[in-house]
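Please treat every number below as a calculation from the coordinates, not as lab data. Every value quoted in this text rests on a predicted model; they were computed, and no experiment measured them. Using ideal geometry, Cβ is built from the backbone for each residue, glycine included, and neighbour counts are taken over all protein chains shown.
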Ligand SMILES: [Zn+2]
Ligand SMILES: [Zn+2]
């Protein structure tokens, strides 16, 4: 095999567990040395809302969201730590547009989403301009590489410039809603468990916008997930 990240040839030695599990269907696309660059987000203590390392309960950012949007449900999950190694990987994948890297974490993603078979998987969209310049939606490509079915229900609005200064945080959040679901597709969400997928969680704004948008379709639950946190 050739590693998609370092381009070196490597031998694939399957463990017994891999031989008997479905994950063997997916190729191992990172060599062991590259795979070890990245760290799973397995901290024992994490914020209940956004999945970042945090001593107990909700972090300050999440408490701020709870103050801004009373009753908001924060239940984000992630797979990897957004550290320097993953930052560099994202530079190659997103900003240099190396689509070949989409399969880097296919096994980890496949294993995670195997437990989410009942969910309607909805990726975060990119704008038309971004799609044109990059050539692909980085979230959809991660899902495709891991053979995860998804429904691209969310659409990205064009950029709207408006004066923000005299608005409250809540008004700004509402005004800045950057997604929509075509009205004829809202019924697909009705009573489903929805799982929104993004590449990186930073402020939470993106997934909260997506959540608010999909909530119009009356889902049974909405969870959010990102490759990195
Ligand atoms: Zn490698
Ligand atoms: Zn938090």
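Helical runs (DSSP H, four residues minimum) scored at -39500 (n - 2.57) apiece and divided by the length of the chain put the mean residue ellipticity at 222 nm at -7500 deg cm²/dmol. Of all DSSP bridge pairs formed entirely within the chain, close to 25 percent run antiparallel.
Subtracting the Cα-Cα distance of residue 218 and residue 45 from 0.36 nm times their residue separation leaves 59.0 nm of extension gain. For the chain, the pair-distance distribution built from all alpha carbon pairs, in bins 5 Å wide starting at 0, is 1, 6, 13, 17, 19, 17, 13, 8, 4, 2, 1, 0, 0 percent. A simple spin-label model places the labels of residue 149 and residue 186 2.5 nm from each other, with each point 7 Å out along Cα-to-Cβ.
With each label modelled as a point 7 angstrom along the Cα→C-beta vector, the residue 11-residue 53 pair spans 3.6 nm. Segment 85-115 and segment 1-49 have Cα centres lying 11 Å from one another. Could you tell me how many degrees, from 0 to 90 and to the nearest 10, lie between the Cα long axis of helix 205-215 and the main elongation axis, the longest principal axis, of the Cα atoms of the chain? That helix lies at roughly 70 degrees to the long axis.
Taking every alpha-carbon pair under 8 Å whose residues sit at least 6 apart, the chain reaches a relative contact order of 20 percent.
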